[in-house]
Amino acid sequence: MRGELVKIASDFSPRGLQAVAICSNDAEAYPEDAPPKLREMAERFPFPLLYDETQEVAGAFGAACTPDLFLYDSRGGLFYRGRLDDSSPGNGKPVTGIDLRRAIQSLLDGASPPAVQHPGIGCSIKWKKT
């Protein structure tokens with residue numbers, strides 16, 4: 001899935017797409033999501049990978065899972081929120097990125113947002129215990 005996100009960002013960046021990834025998982029409970037590990041991962045991304053230590057960003061966006069994808073237009077309006085495609089661990093469907101690709105293409109073409117937007121599919125955000 002990460003590979004497809006990288007490919008999508010690379011494919012559409014010449015047309016003005018700017019991407020950023022934000023990890024909001026609790027790094028104390030999940031050290032594989034701590035900044036040192038994220039730094040290693042970020043080296044393979046053509047876009048910034050940020051760490052939401054307080055989880056306030058995830059809360060403000062209403063993010064629920066990883067990945068939970070948000071596509072904004074140039075005026076800051078939410079154009080698409082949803083899944084990458086219909087693949088998920090265990091369902092045997094290939095990762096294609098088709099849902100996100102179609103949404104990006106619609107946005108860049110000046111078309112309307114996709115009428116049907118499926119929620120993101122992935123692991124839930126690992127929230128800190130309060």
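The values are calculated or read from the model by the stated rules, or taken from the named source; none is laboratory data. Quick caveat: nothing in here was measured; it's all calculated off a predicted structure. Backbone-built Cβ (ideal geometry, glycine too); neighbour counts: all protein chains shown.
Name the residues in segment 55-72 that are surrounded by 13 or more Cβ atoms within 10 Å (Cβ to Cβ) and in a loop (DSSP other than H, G, I, E, B), would you? Break it down into steps so the answer makes sense when it comes.
Step one: filter segment 55-72 for residues surrounded by 13 or more Cβ atoms within 10 Å (Cβ to Cβ), giving 55, 57-59, 61, 63, 65-72.
Listed by number, the residues that qualify are Gln55, Ala63, Pro67, Asp68.
Of the conditions (1) assigned to a strand (DSSP E or B); (2) of a type in the set (A, V, I, L, M); (3) without any contact (Cβ under 8 Å) to a residue 24 or more places away in the chain, Ala115 satisfies every one except a single condition; which number is it?
(1)
Would you confirm whether any residue within segment 73-86 is at pLDDT below 95, in a strand (DSSP E or B) and loosely packed, with under 13 Cβ neighbours inside 10 Å?
No: segment 73-86 contains no residue that is at pLDDT below 95, in a strand (DSSP E or B) and loosely packed, with under 13 Cβ neighbours inside 10 Å.
Applying the selection to segment 24-37, what residues are farther than 22 Å from Gly62 by Cβ and part of a helix (DSSP H, G or I)?
Of the residues in segment 24-37, the ones farther than 22 Å from Gly62 by Cβ are 28, 31-32, 34-37.
Those that are farther than 22 Å from Gly62 by Cβ and part of a helix (DSSP H, G or I): Pro31, Glu32, Pro35, Pro36, Lys37.
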